[in-house]
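Report on the structure given below.
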Amino acid sequence: MYIGRILLKGFKSFGGTHELLLPPGITAIVGPNGSGKSNILDALRWALGETNPSRLRILRQNDLLFHGSPSLPPSSSAEVLIQLRSAGAVCSIRRRWVQDEGSHLFVDGERVRLQDLEDVKRRWKLEGDRFAFIGQGEIAEVIQQRPAQRRAHLETLFGIDLYRKRREDAARRLEDASGEMVRLKTLKAELENRRGTIAPLVVQAQKAKEISERLEKEYRRLYWIKRTRAEGIIKAAQGEIDRLQGEHLNCRFWESGWTRKTESIEKTVPELESRLLELEENIDIAGKKLGAFQKEMFTLAASVREGRSQRLRLESDQKERDEILRKREKELEDAIRTVEEALRAEEEIIKEKKRLDDRQEALRLEASRILAKARDLEDRKSRAEAELGKIKARLFKSGSYFREMREILGENDRTAAMVRAELKKTIREKDRMESRLSDASRVHGDAYAACRENAWKLQALRRDIVKMEADVEELQDKLQSRTYPPPLRHLLAAKRLGRLKVELCPVVDAINCPDNLSRAIEAFLGGRQFWVLVEDYEAAGICIEHLKEAGAGRSTFLTLERASPRHPAGKLPLTSEGILGWAAEMLSFEKKWEPALLHILGDLLVV
């Protein structure tokens with residue numbers, strides 16, 4: 001073994017990083033005074049675990065640091081690395097000291113304690129740096145010492161002091177063992193002396209144990225009696241709970257139905273109100289129109305009455321005139337024939353005049369010849385025209401009067417018909433509006449009454465539901481307080497109130513046990529009957545955190561993923577007298593929790 005490499009960083013007089021590579025054999029480091037030869041020896045001592053300041057030639061740990069020079073700044077840490085080599089094996093020991101942090105020791109890159117370094121030094125034949133380092137002046141000091149002091153140095157040099165320490169440690173341990181042996185012998189003698197006085201107490205203790213066992217059996221019997229009674233109460237309460245839950249569901253059903261009906265009615269109420277307002281506005285408008293129509297109708301009725309009276313007068317006059325007309329019809333016929341002849345003659349004259357006018361220029365020479373004839377014709381024409389004018393005047397006078405009267409009567413009839421039609425239309429519109437108004441009022445009244453009735457029923461149902469829920473919760477709390485431990489009771493209450501969102505079930509609630517087996521199963525389960533069955537570890541953790549937060553105590557949980565069902569059927573012959581069978585075959589379990597229950601009761605044999 002030899003030192004192959006020394007690395008110095010900021011150690012004493014070595015600023016920066018300095019590396020020394022040492023070959024096998026003897027190596028001498030020479031140099032003038034103050035060049036750092038002794039500091040290399042101090043670095044080796046320090047790296048190999050030296051802690052004595054006098055051996056390191058320092059007063060405090062800060063003296064290990066490089067304090068700077070004109071060319072280099074001071075260092076805040078000191079580090080020394082030694083690399084040991086032996087037959088191909090390499091070991092690196094590095095020690096580092098940082099200001100305000102302290103010393104750190106590493107062996108092959110792994111941080112170790114200072115006391116662990118002794119094992120490393122023992123493996124590498126470095127059992128203490130005192131065997132390897134001889135400081136300057138130590139030889140002269142040994143020569144000048146007294147024989148006893150010199151012997152101590154020689155023993156240290158040859159390793160004899162290590163064996164002396166081991167011998168002293170062995171002697172100390174032997175002395176301790178001897179003292180312990182004496183103490184044990186004394187204790188044994190004292191126990192033998194007390195044996196005579198303890199024997200009667202042992203008999204009494206055995207009797208007390210038997211009495212305690214009998215008392216325990218009686219307690220169990222009392223417990224089972226109370227449990228049987230409690231189960232009867234629970235069954236009755238469960239029946240009552242089922243009945244109340246059925247009534248509760250029925251109430252919920254009717255409540256939801258009435259709620260939907262009420263909501264639908266409440267939704268239609270604004271529409272009906274708006275329609276009612278619209279109908280009221282239409283009724284007001286129709287009333288105004290009806291008033292105007294009535295006024296106009298009264299005016300028209302007066303006009304009709306006046307027209308009727310005038311018509312009666314006209315009819316009487318018409319009858320008289322008809323008589324006159326019948327008398328004059330003959331005269332009129334004669335006059336008409338005359339007029340027709342005159343008209344034909346007039347037409348001929350007109351034609352002739354036109355022809356004559358056309359030929360006037362041509363016949364101007366013949367005008368003198370026919371002038372006498374023309375004058376005669378002119379006279380005849382004038383007479384005929386005069387007679388025709390008279391006849392036309394008479395005819396026009398009689399016909400215009402009758403036409404005027406007929407037009408007045410027709411106009412009156414048309415106006416009366418229009419008024420009657422408009423009046424009928426207005427009356428029909430009024431009747432329709434009144435019918436719609438009455439229907440809307442009736443629907444609104446029915447809806448309002450139904451809403452009020454539904455609201456009363458809903459309030460009564462809600463009060464009944466709240467009361468039933470309180471009764472059910474109180475009954476469940478009473479039942480659970482009689483049967484379950486406080487932590488389990490707290491978990492069940494939290495789950496029932498919705499504060500705990502996990503599936504859980506007590507072992508005792510997941511088993512359906514016949515009456516003849518209840519005592520045996522109860523005795524076997526003991527405290528396990530109140531274990532809590534959950535699905536996984538996450539659910540168990542949630543329950544545990546809930547118990548911690550509430551300070552409700554502790555409970556034992558069994559998860560389905562942890563349970564391993566046991567199926568021992570067929571392992572033992574069941575033909576012997578007194579053997580009833582396997583508990584797993586005689587009990588019924590809830591399907592979900594069956595694996596966990598088989599984990600507990602799967603290999604239980606009932607006898």
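Key figures for this structure:
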| read-out | value |
| --- | --- |
| Some residue of segment 24-33 being surrounded by 14 or more Cβ atoms within 10 Å (Cβ to Cβ) and either within 21 Å of R96 (Cβ to Cβ) or of a type outside the set (K, R) (or both) | no |
| Test: L222 is touching a helix residue (DSSP H, G or I) at 6+ places or on another chain (Cβ under 8 Å), within 24 Å of N512 (Cα to Cα) and part of a helix (DSSP H, G or I) | no |
| Enumerated strands (runs of 3 or more DSSP E) restricted to segment 1-117, each holding at least 1 residues that are over 60 Å from the mean Cα position of the chain (by Cα), under 22 Å from E138 (Cβ atoms) and not aromatic (F, W, Y) | 2-11, 77-86 |
| Any hit, segment 547-564, residues being loosely packed, with under 13 Cβ neighbours inside 10 Å, polar (S, T, N, Q) and closer than 27 Å to R220 by Cα | no |
| Flag for R566 being over 28 Å from A230 (Cβ atoms) and not β-branched (V, I, T) | yes |
| Of all residues making up segment 582-597, the number that are modelled with pLDDT under 85 and out of contact with any strand residue (DSSP E or B) (no Cβ under 8 Å at 6 or more places or on another chain) | 2 |
| Pair list, Cβ < 8 Å and 6+ apart or interchain, from segment 1-18 residues that are under 14 Å from S35 (Cβ atoms) to residues that are of a type in the set (S, T, N, Q) and assigned to a loop (DSSP other than H, G, I, E, B) | G15/S69; G15/S75 |
| Helices (runs of 4 or more DSSP H) (entirely within segment 498-590) containing at least 2 residues that are without any contact (Cβ under 8 Å) to a residue 60 or more places away in the chain and at negative phi | 537-550, 583-586 |
| Segment 77-103 - residue that is of a type in the set (G, A, S) and out of contact with any strand residue (DSSP E or B) (no Cβ under 7 Å at 6 or more places or on another chain) and, of those, modelled with the highest pLDDT | A89 |
| Selection from segment 141-154 of residues that are surrounded by 10 or more Cβ atoms within 10 Å (Cβ to Cβ) and either modelled with pLDDT of 75 or more or assigned by the TED database to the domain that holds L126 (or both) | E141, V142, Q145, Q149, R150, R151, A152, L154 |
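The values are calculated or read from the model by the stated rules, or taken from the named source; none is laboratory data. Quick caveat, the model's predicted, so the values are computed rather than measured. Methodologically, a virtual Cβ is constructed for each residue, glycine included, from the backbone with ideal geometry; neighbour enumeration extends over all protein chains shown.
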